[in-house]
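These notes concern the structure reproduced below.
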Amino acid sequence: MRFNPLIPMYWSTRALVAIMRRIGRVAATQIHRATLAQVGTGTRFQPGVRFADPRAVRVGQGCYFWNGCEVSSELRGSRLEIGNQVQVNRNVHLDITGGLRIGDGVMISENVVIYTHDHGLDPHAAPVARPMEIGADVWIGMRAVILPNCRSIGQGAVIGAGAIVTCDVPECVVVAGNPARVIGRRAPAPQVAA
């Protein structure tokens, strides 16, 4: 077998890119730790995560934010509270105009959009804030859209990929479709004794 001089260059380039990615993640995490109101231990941020008002954001322990995640608000004084062990994947948009609370263990897949305000039928009208709470152990599938008429998603619920959620979701149900409808049930997660 002949020696290919490109192979060492390929592997050294991959190693350099991995090191740069790690440096970027460490730097982004340190920046967010310094600017957010609260960040729990073990929480990490990839580069490219943006918060409109960092002082309004509280993040629990062991969370992970992928690049492209954006948190915005059209009103001052909005709050975002995120529990422990929450994962927010690539290109997620969280609108916190009405206030948003996300429980422990929530998984939010790529390209999910969550809105907490409405303009009615006039796009130039002042935003109407609508608070939203997402319970613990909720899974939100890729490209799901959660509209402001949904005030709560119950603990243990699953939102199917591409679902358009227009109303409250009960605990431990699976919803999918446009508009999202209950298509099944999910067994509650077993409780671990402390």
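The values are calculated or read from the model by the stated rules, or taken from the named source; none is laboratory data. Just so we're clear, the structure is a prediction, and the values are computed from it rather than from any experiment. Here the Cβ is made from the backbone with ideal geometry for all residues, glycine too, and neighbour counts use every protein chain on show. The protein model used for the area step is the full one, side chains on, heavy atoms only, and it has no ligands, DNA or RNA in it. Shrake-Rupley method; radii C 1.70, N 1.55, O 1.52, S 1.80 Å.
Does Val192 meet the test of being at pLDDT 95 or above and either farther than 27 Å from Gly120 by Cβ or open to solvent by less than 70 Å² (accessible area, probe 1.4 Å) (or both)? Answer is no for this residue. Yes or no: segment 74-84 includes at least one residue that is under 9 Å from the mean Cα position of the chain (by Cα) and part of a loop (DSSP other than H, G, I, E, B). No: segment 74-84 contains no residue that is under 9 Å from the mean Cα position of the chain (by Cα) and part of a loop (DSSP other than H, G, I, E, B). Please find, within segment 1-51, the residue that is modelled with the lowest pLDDT out of those that are part of a loop (DSSP other than H, G, I, E, B), open to solvent by 60 Å² or more (accessible area, probe 1.4 Å) and closer than 20 Å to Val86 by Cα. The selected residue is Pro47.
Of everything in segment 90-102 that's part of a loop (DSSP other than H, G, I, E, B) and in contact with a strand residue (DSSP E or B) (Cβ under 6 Å, 6 or more places away or on another chain), which residue is surrounded by the most Cβ atoms within 10 Å (Cβ to Cβ)? Walk me through how you get there before you give the answer.
Pass one, segment 90-102, residues part of a loop (DSSP other than H, G, I, E, B): 90-92, 96-99.
Next, from what is left, pick out any that are in contact with a strand residue (DSSP E or B) (Cβ under 6 Å, 6 or more places away or on another chain): 92, 96-98.
Values: Val92: 22, Ile96: 28, Thr97: 23, Gly98: 22.
Once the filter is applied, the top-ranked residue is Ile96.
Of all residues in segment 73-89, those being surrounded by fewer than 18 Cβ atoms within 10 Å (Cβ to Cβ) and closer than 18 Å to Ala144 by Cβ number 1. Just one of the numbered conditions (1) open to solvent by less than 10 Å² (accessible area, probe 1.4 Å); (2) in contact with a Cys (Cβ under 9 Å, 6 or more places away or on another chain) is not true of Asn149: (1). Out of Leu16, Leu36, one residue alone is of a type in the set (A, V, I, L, M) and under 20 Å from Ile102 (Cα atoms). It is Leu36.
Annotation: of all residues in segment 109-135 being buried (at least 18 other Cβ atoms within 10 Å of the Cβ) and of a type in the set (A, V, I, L, M, F, W, C), the one that is farthest from Cys69 (Cα to Cα) is Ala129. Counting only strands (runs of 3 or more DSSP E) that sit completely within segment 124-189, those holding 1 or more residues that are in contact with a Lys or Arg (Cβ under 8 Å, 6 or more places away or on another chain) correspond to 132-134, 173-176.
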